[in-house]
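I have placed the structure first, in the form of structure tokens, so that the comments after it can refer back to it.
The values are calculated or read from the model by the stated rules, or taken from the named source; none is laboratory data. Please read all numbers here as calculations on a predicted model, not as lab measurements. Cβ placement follows ideal geometry from the backbone for every residue including glycine, while neighbour counts extend to all protein chains displayed.
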Amino acid sequence: MTEDFNAAYWQDRYQTARTGWDTGTITTPLKEYFDQLDNKNLRILVPGCGNAYEAEYLFRHGFKQVYLVDIAAAPLENFAARVPDFPKEQLLHQDFFSLAGSYDLLVEQTFFCALSPELRFAYAKKCADLLAPGGKLVGLLFDTIFEQPGPPFGGSREEYRTYFEPYFNFLHFETAYNSIQPRQGRELFICLQKK
């Protein structure tokens with residue numbers, strides 16, 4: 001991460017409750033996608049997990065191999081307090097880019113837009129590196145330019161294609177039809193499969 005958006009920066013954002021991206025619950029597009037998954041044995045990673053409502057939903061619905069990674073300790077502590085029966089060894093306090101392992105599914109929910117844009121190519125490559133053969137990167141990307149300086153950092157679907165095309169086949173890459181109200185028309189739902 002860049003110096004401006006390092007662990008201390010994100011820890012401070014959580015400790016001072018400057019978390020405008022936090023919806024307080026799982027968002028509709030991800031909930032509806034998860035509800036279609038039959039294989040409860042998938043190894044799932046939520047990078048830059050924040051308060052991880054997606055992981056809580058998955059865990060409560062029988063997915064036991066869910067892993068959370070965040071560079072800041074506060075959101076992992078919040079999650080552990082909220083979901084006390086979640087395995088502590090699956091809460092990874094580290095930099096996503098230093099992570100090792102193999103996963104079947106990576107869940108993108110406001111991590112990509114929190115990264116400095118100069119890290120976007122590295123993000124796409126790291127996602128591919130962490131996925132098992134045929135694994136998928138699924139989630140939401142902002143398809144808009146924000147008026148204020150980031151994070152969050154916006155962008156466009158055309159830009160995003162350049163990052164992911166070297167590593168992924170595009171199964172779905174369209175405007176989300178079921179975004180939450182404040183984000184309607186400004187999110188892409190993506191389902192990308194590792195080449």
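At-a-glance table
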| quantity | calculated |
| --- | --- |
| Test set (1) assigned to a loop (DSSP other than H, G, I, E, B); (2) over 21 Å from L119 (Cβ atoms); (3) within 13 Å of the chain's Cα centre (by Cα); (4) not charged (D, E, K, R) - W21 fails condition number | (2) |
| Evaluation of Y67 against (1) aromatic (F, W, Y); (2) out of contact with any helix residue (DSSP H, G or I) (no Cβ under 6 Å at 6 or more places or on another chain); (3) not in a helix (DSSP H, G or I) (one fails), failing number | (2) |
| G101, sole failed condition from (1) exposed (fewer than 14 other Cβ atoms within 10 Å of the Cβ); (2) in a helix (DSSP H, G or I) | (2) |
| Subset of the range 164-178 [assigned to a strand (DSSP E or B) and more than 18 Å from A132 (Cβ to Cβ)] | F170, H172, F173, E174, T175 |
| Any hit, the range 71-81, residues being closer than 25 Å to S179 by Cα and modelled with pLDDT of 95 or more | yes |
| Complete set of residues in the range 121-163 that are within 17 Å of the chain's Cα centre (by Cα), of a type outside the set (A, V, I, L, M) and within 19 Å of I44 (Cβ to Cβ) | Y123, K126, C127, D129, G135, K136, G139 |
| Residue check for P182: closer than 22 Å to T27 by Cβ and part of a helix (DSSP H, G or I) | yes |
| Given (1) touching a strand residue (DSSP E or B) at 6+ places or on another chain (Cβ under 7 Å); (2) surrounded by 17 or more Cβ atoms within 10 Å (Cβ to Cβ), number of the condition Q94 does not satisfy | (2) |
| Counted residues, the range 70-87 - those being in a loop (DSSP other than H, G, I, E, B) and farther than 24 Å from C113 by Cα | 5 |
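Condition check ((1) crowded, with 16+ Cβ neighbours inside 10 Å; (2) in contact with a Leu (Cβ under 8 Å, 6 or more places away or on another chain); (3) not in a helix (DSSP H, G or I)) across all residues:
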residue: E89; (1), (2), (3): no, no, no
residue: C113; (1), (2), (3): yes, yes, no
residue: K126; (1), (2), (3): yes, yes, no
residue: G139; (1), (2), (3): yes, yes, yes
